[in-house]
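A.B. asks: This is the structure I have questions about; it appears just below.
The values are calculated or read from the model by the stated rules, or taken from the named source; none is laboratory data. Values in this document were obtained by computation on a predicted structure and should not be read as measured data. All Cβ positions, glycine included, derive from the backbone under ideal geometry; neighbour counts span all protein chains shown.
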Ligand code: GDP
């Protein structure tokens with residue numbers, strides 16, 4: 001991820017090295033190169049436009065520091081603007097004042113949602129929480145079983161539909177799951193909901209029904225970072241259809257250009273909260289915009 005973008009940006013900055021002062025032509029040429037690098041990385045056009053406008057304005061402006069040469073100054077500006085489009089500050093989960101905190105996961109099938117549910121549960125467990133996983137993805141035949149297997153690996157209890165416990169009804173299972181957490185004193189409930197291969201109305205309605213039934217403290221939209229610009233379209237559709245508080249990017253270990261990661265926070269106005277970068281349950285952490293920007297500019 002980001003290899004091409006990193007390489008292109010570092011080439012661009014190299015061209016500025018040794019320059020005593022940046023002319024208007026230098027700034028234009030640099031901005032053009034950065035623009036191309038971002039477009040090639042599949043960053044959404046409106047994000048690229050704002051980014052370039054900000055970099056140009058700041059490079060021309062008064063931000064002249066004695067401590068930095070012009071090339072370093074441009075790197076600093078690009079770094080800060082990258083942190084900005086990635087969402088600025090690291091955003092953390094908000095826990096309910098009265099437990100359990102209810103976290104609902106939504107996203108397309110194949111986005112890595114079920115795996116992510118177990119990763120998040122393990123991460124919370126490592127922080128001293130007592131999570132309960134709720135298997136409300138009743139669409140994909142193997143999803144409940146997969147969650148049970150992953151839950152076992154994570155050492156986290158999974159609440160799955162039982163006979164008489166709302167088999168086939170994800171809303172009932174979700175509601176029961178929250179009630180079970182209350183009974184058994186789990187302080188966080190993670191609800192894995194159904195995804196489809198594409199966005200459809202029934203999927204949105206089902207997710208919205210679950211949302212209305214359990215009023216989650218956090219709704220997280222899970223998206224595969226490998227799908228590029230499509231991630232932004234899907235993110236917008238879920239924002240309109242279900243709404244969410246934050247985004248989880250999965251498969252950041254993949255060989256993608258990084259456009260989704262760089263576009264989604266700015267395009268949706270919702271922060272990326274977590275990043276998943278591998279198939280192991282521990283390949284998961286909070287998303288830190290500043291660290292991601294540093295990685296790109298490394
Ligand atoms: P769901 O349909 O959204 O529940 O997706 P799954 O959790 O079943 O994941 C789909 C596939 O993606 C599985 O083969 C997972 O092992 C894989 N996967 C999930 N997260 C990651 C990740 O961060 N990196 C990689 N490389 N693969 C992942």
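A.B. asks: Tell me, yes or no, whether region 208-219 has at least one residue that is under 20 Å from the mean Cα position of the chain (by Cα), crowded, with 17+ Cβ neighbours inside 10 Å, in a helix (DSSP H, G or I) and modelled with pLDDT of 95 or more.
C.D. replies: Looking through region 208-219, at least one residue is under 20 Å from the mean Cα position of the chain (by Cα), crowded, with 17+ Cβ neighbours inside 10 Å, in a helix (DSSP H, G or I) and modelled with pLDDT of 95 or more.
A.B. asks: Moving on to the next point. Can you tell me how many residues within region 134-156 are in contact (Cβ under 8 Å) with a residue 24 or more places away in the chain and either surrounded by fewer than 18 Cβ atoms within 10 Å (Cβ to Cβ) or within 12 Å of the ligand (Cβ to nearest atom) (or both)?
C.D. replies: Initial filter on region 134-156 (in contact (Cβ under 8 Å) with a residue 24 or more places away in the chain): 134-140, 143, 146-147, 150-151, 153-156.
In the following step, the residues that additionally are either surrounded by fewer than 18 Cβ atoms within 10 Å (Cβ to Cβ) or within 12 Å of the ligand (Cβ to nearest atom) (or both) were identified as 135-137, 139-140, 143, 146-147, 150, 153, 155.
Qualifying residue count for the region: 11.
A.B. asks: Sticking with this one: So residue 131 fits all but one of (1) within 16 Å of the ligand (Cβ to nearest atom); (2) buried (at least 24 other Cβ atoms within 10 Å of the Cβ); (3) over 14 Å from the mean Cα position of the chain (by Cα); what number is the exception?
C.D. replies: Result: residue 131 fails condition (1) only.
A.B. asks: Going residue by residue through region 189-201, is there one that turns out to be touching a residue at least 24 places away in the same chain (Cβ under 8 Å), over 19 Å from residue 119 (Cα atoms), surrounded by fewer than 18 Cβ atoms within 10 Å (Cβ to Cβ) and under 17 Å from the mean Cα position of the chain (by Cα)?
C.D. replies: Within region 189-201, not a single residue is touching a residue at least 24 places away in the same chain (Cβ under 8 Å), over 19 Å from residue 119 (Cα atoms), surrounded by fewer than 18 Cβ atoms within 10 Å (Cβ to Cβ) and under 17 Å from the mean Cα position of the chain (by Cα).
A.B. asks: Another question, then. Just one of 248, 232 is farther than 15 Å from residue 89 by Cβ, crowded, with 22+ Cβ neighbours inside 10 Å, within 16 Å of the ligand (Cβ to nearest atom) and within 12 Å of the chain's Cα centre (by Cα); which is it? Talk me through it step by step, then tell me what you get.
C.D. replies: On the way: 232 fails: within 16 Å of the ligand (Cβ to nearest atom).
None of the others qualify; the one that does is 248.
A.B. asks: Please indicate, with yes or no, whether at least one residue in region 19-30 is touching a residue at least 24 places away in the same chain (Cβ under 8 Å) and within 31 Å of the chain's Cα centre (by Cα).
C.D. replies: Yes.
A.B. asks: For residue 168, all conditions in the list (1) more than 22 Å from residue 94 (Cβ to Cβ); (2) under 22 Å from the mean Cα position of the chain (by Cα); (3) assigned to a loop (DSSP other than H, G, I, E, B); (4) free of Cβ contacts under 8 Å to residues at least 60 places away in the same chain hold save one; what is the number of the exception?
C.D. replies: Evaluating residue 168 over (1) more than 22 Å from residue 94 (Cβ to Cβ); (2) under 22 Å from the mean Cα position of the chain (by Cα); (3) assigned to a loop (DSSP other than H, G, I, E, B); (4) free of Cβ contacts under 8 Å to residues at least 60 places away in the same chain leaves (2) as the failure.
A.B. asks: Applying the selection to region 207-229, what residues are away from the ligand (no atom under 15 Å from the Cβ) and closer than 22 Å to residue 174 by Cβ? Write out each step before concluding.
C.D. replies: Going through region 207-229, the residues away from the ligand (no atom under 15 Å from the Cβ) turn out to be 208-219, 228-229.
The answer is 208, 209, 210, 211, 212, 213, 214, 215, 216, 217, 218, 219.
A.B. asks: Sort out which residues of region 63-122 are within 16 Å of the ligand (Cβ to nearest atom), in a loop (DSSP other than H, G, I, E, B) and surrounded by 20 or more Cβ atoms within 10 Å (Cβ to Cβ), and write them in order of number. Walk me through it before giving the result.
C.D. replies: Pass one, region 63-122, residues within 16 Å of the ligand (Cβ to nearest atom): 103-122.
From what is left, the residues that are in a loop (DSSP other than H, G, I, E, B) are 108-112.
Matches in region 63-122: 108, 111, 112.
A.B. asks: Evaluate region 261-270: report whether one residue or more is within 16 Å of the ligand (Cβ to nearest atom) and assigned to a helix (DSSP H, G or I).
C.D. replies: Start the filter on region 261-270 by keeping residues that are within 16 Å of the ligand (Cβ to nearest atom), which leaves 261, 264.
Among the residues that remain, those that are also assigned to a helix (DSSP H, G or I) are: 261, 264.
Among the residues of region 261-270, at least one is within 16 Å of the ligand (Cβ to nearest atom) and assigned to a helix (DSSP H, G or I), which makes the answer yes.
A.B. asks: Condition test on residue 178, is it touching a strand residue (DSSP E or B) at 6+ places or on another chain (Cβ under 6 Å) and under 20 Å from residue 130 (Cα atoms)? Please lay out each step first, then the result.
C.D. replies: Working: touching a strand residue (DSSP E or B) at 6+ places or on another chain (Cβ under 6 Å): yes; under 20 Å from residue 130 (Cα atoms): yes.
Yes; evaluated as a whole, the condition is true for this residue.
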